[in-house]
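Here is the structure we will look at.
The values are calculated or read from the model by the stated rules, or taken from the named source; none is laboratory data. Source: prediction; values computed, not measured. Reconstructed Cβ throughout: ideal geometry from the backbone, glycine too, with neighbour counts over all protein chains shown. Heavy atoms of the whole protein, side chains included, go into the accessibility calculation; ligands, DNA and RNA do not. Shrake-Rupley method; radii C 1.70, N 1.55, O 1.52, S 1.80 Å.
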Number of protein chains: 2
Amino acid sequence: MHYELYYWTGIQGRGEFVRLALEDAGADYTDMARVHGDAVMDPFLAGTAEGGRPFAPPFLKAGRQVVAQVAAILDFLGPTLDLVPHAASRRVQAIQLQLTIADLVAEVHDTHHPIAASQYYEDQKSEAIARAASMRGERLPKFLGYFEDMVKDNGGRHPLREHSYVDLSLFQLLAGLDYMFPQRMRALWPRLPLLAALKERVEKRPGVAAYLASERRLAFNANGIFRHYPELDGPE
Amino acid sequence: MHYELYYWTGIQGRGEFVRLALEDAGADYTDMARVHGDAVMDPFLAGTAEGGRPFAPPFLKAGRQVVAQVAAILDFLGPTLDLVPHAASRRVQAIQLQLTIADLVAEVHDTHHPIAASQYYEDQKSEAIARAASMRGERLPKFLGYFEDMVKDNGGRHPLREHSYVDLSLFQLLAGLDYMFPQRMRALWPRLPLLAALKERVEKRPGVAAYLASERRLAFNANGIFRHYPELDGPE
């Protein structure tokens, strides 16, 4: 199966969670907007393209089917790419972990855009500074502590007992947080030894390592979800 | 199968999306915290109960399995309760619609708590007023217009072509928005005739109608996701 991935050019964004799964599995895919430009997504968003009307990128086209929403795409790809257990009871565990990652990702985005995604950061900077304090002090320890506990509960290596798309998404989440909150993460890492080891193992997987070393892996930047604004970081 | 639903007492909250599915299908379930108190959830959240460690309520226990996250719970229940098509290609469409509803629900919550969920509304009221303007002016038309389009694309009655848990969640979303933003919704409804008809049809389904008339249906209130603060509403 050849896959078409549709996501904005210029940022890692939410598309990166899907891209990592495709790269880890060595799947055959085309990153459509990078090849044809962002406008290639317009007919889908307007509901005039074959296969469905996604609300927003990222979305994936597989044959005639269009699937949107990161967790839905990963659930769809998981069995074929061998990135999730086949048993229904385990697949649903993977979805719920992915959705908890997605919740934190949404909170991370709103940390630098607490008032309106459509307005400039500079116009909501004081509100962002206030929100970042609660993100660093309350939300990051709660979410990351949860994932650490989940890895511990499942044998110490994975939150799902075996390699899955959840591991890849945790890697991306942790890499993004290291970029966005370097001071805060330096203080949190000693409490997260299992996640630290998981992140290292994922980085060394052949498909992931090759991808990270390629030009296809964009750098984190000030347009994506994870943005490094020094005024939003701090040790506590 | 007897289900145990775990969710905070006193509010509809995210638990309501699961409750509506159980009630619509006439499922056999116990609303555990309402019977035993909120503390009944503690062992699960601490990871000491059988079946898994949810990040947060709502979660559902079915036999020995614990499932958390609304969209994961509904995907899990859907086939058994006949609330989703069985074909994998249609199930994934349902999940992605549900996740788009969940995205709007999260934005709705953050409208009255843009700085920190852990702080009082009164301490972030001016920021909430600013965020509510973008919610009313940009986000509600974008999301609700999308769902209206999806119903139109699929024959005019349902976003998925047949009754599903997505219809029930859209009903809850629209009821909540009517409560939270009565002025804004009065202005938007004329543009959403298919959603208006869908909402009326869902209200009249036997299981839903019986539930809404019962004491089990709590009223919307100022502790839930959908909160009516007059200063956050307006016609535009």
Hey, does the range B:66-76 have a residue that's without any contact (Cβ under 8 Å) to a residue 24 or more places away in the chain, among the polar types (S, T, N, Q) and open to solvent by less than 50 Å² (accessible area, probe 1.4 Å)? yes
Being crowded, with 21+ Cβ neighbours inside 10 Å and closer than 30 Å to B:Ser89 by Cα is true for just one of B:Asp149, B:Asp153, B:Asp167. Which residue is that? B:Asp167
Test each condition in (1) open to solvent by less than 30 Å² (accessible area, probe 1.4 Å); (2) free of Cβ contacts under 8 Å to residues at least 60 places away in the same chain; (3) not in a helix (DSSP H, G or I) for A:Leu160 and report the one that comes out false. (2)
Would a scan of the range A:57-65 turn up a residue that is open to solvent by less than 10 Å² (accessible area, probe 1.4 Å), without any contact (Cβ under 8 Å) to a residue 60 or more places away in the chain, within 25 Å of B:Ala106 (Cβ to Cβ) and not aromatic (Phe, Trp, Tyr)? yes
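Regarding A:Met41, is this residue farther than 18 Å from A:Ala71 by Cβ, open to solvent by less than 10 Å² (accessible area, probe 1.4 Å) and touching a residue at least 12 places away in the same chain (Cβ under 8 Å)?
Working: farther than 18 Å from A:Ala71 by Cβ: yes; open to solvent by less than 10 Å² (accessible area, probe 1.4 Å): yes; touching a residue at least 12 places away in the same chain (Cβ under 8 Å): yes.
Judged against the criteria, A:Met41 is a match.
Answer with yes or no whether A:Leu195 is assigned to a helix (DSSP H, G or I), buried (at least 17 other Cβ atoms within 10 Å of the Cβ) and touching a Pro at 6+ places or on another chain (Cβ under 8 Å). Outline the logic, then answer.
On the way: assigned to a helix (DSSP H, G or I): yes; buried (at least 17 other Cβ atoms within 10 Å of the Cβ): yes; touching a Pro at 6+ places or on another chain (Cβ under 8 Å): no.
So A:Leu195 does not fit the description; no.
Give the range A:122-146 a look and list any residue that's within 7 Å of another protein chain (Cβ to nearest Cβ) and open to solvent by 60 Å² or more (accessible area, probe 1.4 Å), or say none. Lay out the reasoning, then the answer.
Going residue by residue through the range A:122-146, those that are within 7 Å of another protein chain (Cβ to nearest Cβ) are A:127, A:130-131, A:134, A:138, A:146.
Across the range A:122-146, the qualifying residue is only A:Glu138.
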Conditions (1) out of contact with any Phe, Trp or Tyr (no Cβ under 7 Å at 6 or more places or on another chain); (2) under 27 Å from B:Ala117 (Cα atoms); (3) in a loop (DSSP other than H, G, I, E, B); (4) not acidic (Asp, Glu): number failed by A:Phe226: (1)
Name the single residue, out of those in the range B:96-116 being within 8 Å of chain A (Cβ to nearest Cβ) and not in a helix (DSSP H, G or I), that is surrounded by the fewest Cβ atoms within 10 Å (Cβ to Cβ). B:Ala116
Inspect the range B:183-191 for any residue being open to solvent by 10 Å² or more (accessible area, probe 1.4 Å) and without any contact (Cβ under 8 Å) to a residue 12 or more places away in the chain and give the result as yes or no. yes
Give the residue that is least open to solvent (accessible area, probe 1.4 Å), with candidates limited to residues of the range A:198-214 that are under 23 Å from A:Val70 (Cβ atoms) and in a loop (DSSP other than H, G, I, E, B). A:Ser214
How many of the residues in the range B:44-90 are under 20 Å from B:Asp167 (Cβ atoms), outside any loop (DSSP other than H, G, I, E, B) and more than 9 Å from chain A (Cβ to nearest Cβ)? 4
Could you figure out which of (1) hydrophobic (A, V, I, L, M, F, W, C); (2) more than 10 Å from chain B (Cβ to nearest Cβ); (3) open to solvent by 20 Å² or more (accessible area, probe 1.4 Å); (4) not in a helix (DSSP H, G or I) isn't true of A:Leu5? (3)
Run down B:Gln119, B:Gln93 and say which single residue is at the interface with chain A (Cβ under 10 Å from one of its Cβ atoms) and within 22 Å of A:Ala102 (Cβ to Cβ). B:Gln93
Can you find even one residue in the range B:83-92 that is touching a helix residue (DSSP H, G or I) at 6+ places or on another chain (Cβ under 6 Å), farther than 30 Å from A:Val67 by Cα and in contact (Cβ under 8 Å) with a residue 60 or more places away in the chain? no
